[in-house]
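Report on the following structure.
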Amino acid sequence: MSMRVNHNVLAMTAHRNIWVTQNDMDTAVQRLSSGMRINYAWDDPAGLGISEKFRAQIGGMVEAEKNANYNVNLLATAEGALSVIDEKLIRMRSIAIQSANGALTSSDRQIANVEFQQLKSEITRIANVTNYNGLQLIDGTYSASSEQTTSCLALGYNQATTTQGANTLKFHIGANNTIGDDYYYVNLGSMTANALNLDDVDVCDTASAQAAIDYIDDAITSKDTERTFIGSMVERLQNTILNLQISQEAATQSESTIRDADMAYEMMNFTRAQILMQTGISMMSQANMLPSTVAGVVG
């Protein structure tokens, strides 16, 4: 065998292998401590690009789910107010039926009309003060135009549209920006006494009371249509939330597969690197001792 002292190639080889092993150990430690397989772009450039898109989608879905929950709360506020208005209308109808009876005197009807008018005023007050986060909900601020509510098809269905207007609420409940899929616009009807055509209604005489019954029936129908619309929208939003949760789980699983570290696999790599580091240092020590044997030959 040749014996040289100027260049210890065996030591150089051992040093190079130790350097590779050290990098492997550093990578394993980093992944084990962070739980991430990709900590830097150079760990997996292609995987990083794909996982970043998944992370953006997941972030969007998380916020979209929050938005949908906010919208459910908004509609629940409006529905709660309508349930109170419902009670007022039912009471007003009872008063109208009572006043339409000929057994009552004019004085009786005058007394009944006092309560009737107060209930009507309360309906308007409730409609004017019902708000969510400062947004007036059922006072007509976000009511649909008359053209949108003249047909059976338009009732309810067209109140959730892809058409933006000054009197619409935008519900952004998707992770992207496609109209109709990720967001749409909602109208909420006005529930004031004026909007329900009750402003000039009274029960001062039997004829007025008789007419009041029909007006109140129409008002109840309008109120029921609005409550049905709100209920159906909440149902849609709840389904949207469920779908977002399922999509978020699937996207998170995909992102995790790409980006997260397999702890058992990384521990195996770390153990392997530890053993190689120990043996590498031992071999480098042996390689460094080889040139000293030349002295024995020369001597």
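Things worth noting here:
- Residue check for SER232: of a type in the set (S, T, N, Q), free of Cβ contacts under 8 Å to residues at least 60 places away in the same chain and either exposed (fewer than 14 other Cβ atoms within 10 Å of the Cβ) or part of a helix (DSSP H, G or I) (or both): no
- VAL129 vs. criteria within 22 Å of the chain's Cα centre (by Cα), farther than 15 Å from LEU169 by Cβ and of a type in the set (Val, Ile, Thr): no
- Taking the numbered list (1) under 27 Å from the mean Cα position of the chain (by Cα); (2) not in a helix (DSSP H, G or I) in turn, ASN39 passes all entries but (1).
- The C-beta contact set for segment 42-58 (first residue of a type in the set (Ser, Thr, Tyr), second residue in a helix (DSSP H, G or I) and surrounded by 15 or more Cβ atoms within 10 Å (Cβ to Cβ), distance under 8 angstrom, 6+ apart or interchain) comprises SER51/GLU255; SER51/ILE258; SER51/ARG259.
- Between ASP214, ASP181, the distinction of being out of contact with any strand residue (DSSP E or B) (no Cβ under 9 Å at 6 or more places or on another chain) and in a helix (DSSP H, G or I) belongs to ASP214 only.
- Those residues of segment 122-153 which are part of a helix (DSSP H, G or I), surrounded by fewer than 16 Cβ atoms within 10 Å (Cβ to Cβ) and modelled with pLDDT under 95, in sequence order: SER146, GLU147
- If the condition is being under 15 Å from THR77 (Cβ atoms) and not basic (Lys, Arg), then segment 225-240 contributes GLU226, PHE229, ILE230, GLY231, MET233, VAL234, LEU237.
The values are calculated or read from the model by the stated rules, or taken from the named source; none is laboratory data. All figures in this text were calculated on a predicted structure; none of them were measured in a lab. Note: ideal-geometry Cβ built from the backbone for every residue, glycine included; neighbour counts use all protein chains shown.
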